[in-house]
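Reviewing the structure listed below.
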Amino acid sequence: MAKKEFLFLQGLAGPFFSLLGEALAASGNGVHRINFNGGDKLYWNVPGAIDYRGNLDKWPRFLARILARRRITDILLFGDCRPLHSLAIEVASRLGVKVHVFEEGYVRPDFVTLEAGGVNGHSRLSRSPDHYLEAARDLPPLPDFPPVPSSFNRRAKEDLAYNIASLALAPLFPGYRTHRPWHILTEYAGWALRLLRRPAERRRSGATLDRLKADGRPYFVFPLQLDCDYQIRVHSHFKGVQDAIETVLGSFARNAPANTLLVVKGHPLDNGLVDWEKRTLAVAAKLGIADRLLFLESVDIDSLVCNAVGLVTVNSTTGTLSLRCGVPTIVLGDAVYDLPRVTDQKGLDAFWASPTPPELPVFEAFRRVLIDRCLIHGGYFSDQGLTMLVKGAMKRLETFEPKTSVVRMPAPVRVPAVAPLVARG
């Protein structure tokens with residue numbers, strides 16, 4: 001098998017990309033890396049990395065030159081909507097270089113996404129139910145996937161180390177600008193306050209959950225997503241989470257049966273800079289549904305979702321959990337699992353009164369194809385999960401052949417011509 005030349009761009013904070021690079025190099029492949037900040041340098045241990053010190057405007061031409069000089073066959077990156085990565089995908093498309101995008105899994109927990117070309121709203125996966133029913137016939141039954149250990153404390157420590165290194169080495173990377181909307185020190189201040197408030201949040205959530213169980217009325221679930229997430233910023237028409245809250249609660253107030261409740265679930269990784277509980281309750285009060293809305297911060301999401309009569313989401317991966325439980329699910333943004341016969345297609349206003357459940361054979365066929373083509377069993381935040389992830393990614397990358405039975409292709413892109421330049425400035 002011909003060996004490849006892999007170029008790594010930015011990954012998730014942590015050692016995964018470095019471990020994968022070491023494994024690919026040990027297998028005889030060429031491994032290359034571009035660092036954009038001190039955090040990238042901290043988490044890369046393979047020799048020969050390039051430090052890019054330029055700005056975003058100069059990045060496409062610089063990358064095109066690196067791709068040509070080093071005869072790169074494949075680019076690896078985490079998240080396809082970061083400005084650096086979005087431009088890189090355009091350049092690679094023009095020059096015929098394959099792009100492999102990592103993300104946190106479409107199906108959680110215990111899986112990581114690795115998809116060619118793009119993920120989420122940029123995915124090339126089909127939106128035809130018949131496609132998945134036919135493709136699944138050629139696949140073996142899914143094995144029982146054991147749980148993958150994952151540590152929130154490890155995730156937090158690795159993120160902290162990454163950002164400390166980025167701040168400390170900032171003078172070495174004068175052109176770098178983070179894709180995150182908040183300065184990291186502002187985010188950490190929010191997290192510090194949230195950690196202080198966490199015991200009180202858990203007590204409130206426990207009391208709210210007791211009220212929900214005692215009430216007995218059927219309920220819908222609306223899981224909030226991160227306001228800064230590209231799933232909201234790029235893959236939906238909403239201006240932000242506030243816009244989504246007002247839309248969902250407004251539709252519920254106008255159209256949901258009077259004997260139903262709406263449970264809004266906060267995101268576990270929200271930085272606490274915005275009090276979404278306060279904002280949500282304020283919208284509910286304005287709409288006159290304060291007595292029919294509950295907000296939960298800390299809860300067993302599986303039990304909450306699987307006992308609901310319906311789930312409304314912009315495009316959260318919680319949607320795949322509700323579908324597996326047979327719970328009617330409606331998607332308001334762009335999601336790979338938003339398929340006819342799987343998710344409700346009638347529209348939000350009609351959903352509340354007559355939510356359509358998924359056809360489970362169609363969803364299971366979709367899930368089998370998704371795992372075969374786009375998911376790896378493993379995780380970023382434990383040694384065991386990383387070992388599984390590196391092994392699975394190696395197998396996928398070294399044997400990658402694009403599937404031809406897809407119907408969604410990205411629009412053509414225009415890339416600046418290659419021109420000489422230097423890494424600085």
query = What does the highest-first list of 316-323, 121-128 look like by mean Cβ count within 10 Å?
reply = 316-323, 121-128
task = Could you list the square roots of 5 times each eigenvalue of the Cα gyration tensor of the chain, that is, the equivalent ellipsoid semi-axes, sorted largest first and rounded to whole Å?
result = 38, 26, 20
task = With only Lys, Arg, Asp and Glu charged, each at its Cβ (+1 for the first two, -1 for the last two), find how big the charge dipole of segment 22-155 is about the Cα centre; round to the nearest 20 debye.
result = 780
Largest-first principal axis extents of the Cα set of segment 199-367 (Å) = 42, 35, 30
ask   = Rounded to a whole number of µm²/s, how large is the Stokes-Einstein D of segment 1-159 at 37 °C and 0.692 mPa s, given Rh as the Kirkwood radius over C-alpha pairs?
value = 189
ask   = For segment 118-174, what value does the Rg/Rh ratio take when both radii are computed over Cα atoms and Rh is the Kirkwood radius, given to two decimals?
value = 1.27
key: Overall dimensions of segment 175-263 as given by Cα atoms, namely Rg and Dmax in Å   = 17.2, 57
ask   = Of the cross-linked pairs K98/K395; K157/K239; K58/K98, which ones have a Cα-Cα span greater than 28 Å in the structure shown?
value = K157/K239
query = How many nm is it between the label spots at D130 and R70, if each spot is 7 Å from the Cα in line with the beta carbon?
reply = 4.5
note = One can check that the equivalent ellipsoid of segment 226-267, built from the alpha-carbon gyration tensor with semi-axes equal to the square roots of five times its eigenvalues, has lengths in Å, largest first, of 23, 11, 7
message = Among T178, T186, T356, which one shows the highest mean-square fluctuation when the chain is modelled as a Gaussian network with alpha-carbon springs under 10 Å?
response = T186
task = Work out, step by step, the length gained on full extension between I50 and V234: first 0.36 nm times the residue separation, then minus their alpha carbon distance; give nm to one decimal.
result = 63.3 nm
message = Name the residue from T113, A189, F152 whose Cα lies farthest towards the positive end of the charge dipole of segment 108-202, charges +1 on Cβ of Lys and Arg and -1 on Cβ of Asp and Glu.
response = A189
message = Can you list residues from other chains, or at least 5 along the same chain, whose modelled amide H is less than 5 Å from the amide H of D51?
response = N35
note = With the dipole of the chain defined by +1 on each Lys or Arg Cβ and -1 on each Asp or Glu Cβ, the option from G240, G206, I330 whose Cα lies farthest towards the positive pole is G240
key: Cα-based Rg / Dmax (Å) for segment 1-61   = 12.2, 38
message = Regarding segment 278-317, what's the average projected area of the Cα-atom convex hull, expressed in nm²?
response = 3.7
task = Could you tell me the distance between the Cα centroids of segment 1-76 and segment 251-311, to the nearest Å?
result = 43
key: Bins of 5 Å, starting at 0 and running to the largest distance - Cα pair percent for segment 148-206   = 4, 14, 18, 22, 16, 13, 7, 4, 2, 1
ask   = Dipole size in debye (nearest 20) for the chain around its Cα centre, Lys and Arg Cβ +1, Asp and Glu Cβ -1?
value = 1020
query = Using a basic spin-label model with each label point 7 Å from the Cα along Cα→Cβ, how many nm lie between R180 and D300?
reply = 3.3
request  = Using Cβ-Cβ distances only, list the Cys residues of the chain with no partner cysteine under 4.7 Å, sorted by number.
outcome  = C81, C228, C374
query = Taking the Cα centre of segment 199-367 as the origin, how large is its charge dipole in debye, to the nearest 20, when only Lys and Arg (+1) and Asp and Glu (-1) carry charge on their Cβ atoms?
reply = 320
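Readers should treat all values here as calculations from the given coordinates under stated rules, not as data from a laboratory. Please read these numbers as outputs of a predicted model, since none were measured by experiment. FYI the Cβ positions are ideal-geometry reconstructions off the backbone, even for glycines, and counts take in every protein chain you see.
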